[in-house]
Amino acid sequence: MEKLIITAAICGAEVTKEQNPNVPYTVEEIVREAKSAVDAGAAIVHLHVREDDGTPTQSHVRFQECTEAILKACPDVILIPSTGGAVGMTPDERLDSTNTTPVPEMATLDCGTCNFGDEIFDNTMPTMRAFGKRMIEKGIKPEYECFEMGHLDTIVTMARKGEVPGPFGCSLPDGRKLPVVPMQFNFVLGVSGCTSATVDNLCWLVNKIPAGSTWTATGIGRHAFTLAAPAIVMGGNVRVGFEDNLYLERGVLAKSNGELVDKVVRMAKLLGRPIADSNEAREILGLTKR
Ligand code: KMH
Ligand code: ZN
């Protein structure tokens, strides 16, 4: 089994300081949380950014500022900027997070429209095609976020057609051959209105990924650690962080993203799975540091 890659989703677009005062908004707070996660054992930081008052933004200027500041504190960390942003943002607005210099190694690509609590998270086929085209052009490896069972089938079908990066060696209409990119999936289970965070659902998804793919499990809310446990023993990877869950245990707010990562590190140690550092994660994911 490969070493365990831990991703910290340190901020998200929805959670607030009213829910947990340690949720980061400012650049300094974002760096503090990224560093706490990396110091605890995270190889990857999944990044959303905020204005100082907490408003979510996809502005490449803010992403640039946060990225540079995080890399100063954690020079090796893999950053995965969000292209999901917040519900209601336009596709162009969402993609702006990929306009940083250098171009990010990876970015999220959300694999279909779904409920998101009482709202709708809009990811139409044209939107996904546009995001796939951009990532092919820029050489960004997508992290395919699946919130629903059907999202997996949708995105693999698009990869087979060469509409998004994938491992199938597709040719474009002009005859150019697409690079072979093994797919990295993030199964985000337990969002209100979407597929629930059960071991059964996780197994169903993992059994259907194309050969050579890698995957991560993200359990939302109280499922953060109950989904981490099967992912650790099944050979997958784990995402935790304030974006997904604010509590270290029932009734106890986490003081930092580092505390959440540390809990996964302790679980992995008990289960005998070593932790990958960022450069080991790059090897597993087929990335080259920019
Ligand atoms: N904020 C959610 C609506 C992503 O980062 O790609 C979407 C999200 C997914 O967080
Ligand atoms: Zn996100």
**Message:** Excluding same-chain pairs closer than 8 in sequence, count the lysine pairs in the chain whose Cα atoms lie under 13 Å apart.
**Reply:** 8
**Message:** What figure, in Å² to the nearest 10, do you get for the accessible area of Ile275 with a 1.4 Å probe and non-protein molecules left out?
**Reply:** 40 Å²
**Fill in**
Connecting every pair of Cα atoms under 10 Å apart in the chain and solving the GNM, the largest mean-square fluctuation among Gly272, Gly251, Gly150 falls on Gly251
**Asked** At a probe radius of 1.4 Å, what is the per-residue accessible area of Tyr25, in Å² to the nearest 10?
**Response** 20 Å²
**Message:** Given the DSSP H assignment, sum -39500 (n - 2.57) over each helix run of at least 4 residues in the chain and divide by its residue total; what's the result at 222 nm in deg cm²/dmol, nearest 500?
**Reply:** -10500 deg cm²/dmol
**Message:** Using the basic label-point model (7 angstrom from Cα toward the beta carbon), what is the Thr101 to Lys133 distance in nanometres?
**Reply:** 2.5 nm
**Asked** So who's got an amide H within less than 5 Å of the one on Leu109, skipping anything under 5 residues away but keeping other chains? H placed 1.01 Å off N, in plane.
**Response** Glu143, Tyr144, Glu145
**Message:** With +1 on the Cβ of every Lys and Arg and -1 on the Cβ of every Asp and Glu, and nothing else charged, how large is the dipole of the chain about its Cα centre, in debye rounded to the nearest 20?
**Reply:** 960 debye
**Asked** Considering the range 159-258, what Rg and Dmax in Å follow from its alpha-carbon atoms?
**Response** 16.8, 57
**Cys203, Cys111, ranked by accessible area, largest first (probe 1.4 Å)** = Cys203, Cys111
**Item:** Label point distance in nm, Ser192-Glu2, each placed 7 Å from Cα along Cα→Cβ
**Value:** 3.4 nm
**Request:** Pull up the DSSP beta bridges for the chain and report the antiparallel fraction as a percent, rounded to 5.
**Result:** 20 percent
**Fill in**
Residues other than Gly258 with Cβ under 12 Å of its Cβ, Lys/Arg counted +1 and Asp/Glu -1, net out at 0
**Complete:** As a Kirkwood estimate from alpha-carbon pairs, the range 6-285 has a hydrodynamic radius in angstrom of 18.6 Å
**Message:** Which of Val181, Val191, Val103 ends up with the largest GNM mean-square fluctuation for the chain, with Cα atoms connected below 10 Å?
**Reply:** Val103
**Message:** Ordering Arg176, Arg50 by accessible area with a probe of 1.4 Å, largest first, what comes out?
**Reply:** Arg176, Arg50
**Request:** May I ask for the distance between the Cα centers of the range 125-196 and the range 58-91, given as a whole number of Å?
**Result:** 20 Å
**Heavy-atom accessible area ranking, 1.4 Å probe, most first, across Lys133, Lys17, Lys289** = Lys133, Lys289, Lys17
**Message:** Keeping all protein chains in the complex and leaving out DNA, RNA and ligands, what accessible area do you get for Leu152 with a 1.4 Å probe, in Å² to the nearest 10?
**Reply:** 10 Å²
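The values are calculated or read from the model by the stated rules, or taken from the named source; none is laboratory data. The structure displayed is predicted, hence computed values, not measured ones. For neighbour counting, all protein chains shown are included, and Cβ atoms are generated from backbone atoms with ideal geometry for every residue, glycine included. Keep in mind that these areas ignore ligands, DNA and RNA; they rest on the heavy atoms of the full protein, side chains included. Shrake-Rupley method; radii C 1.70, N 1.55, O 1.52, S 1.80 Å.
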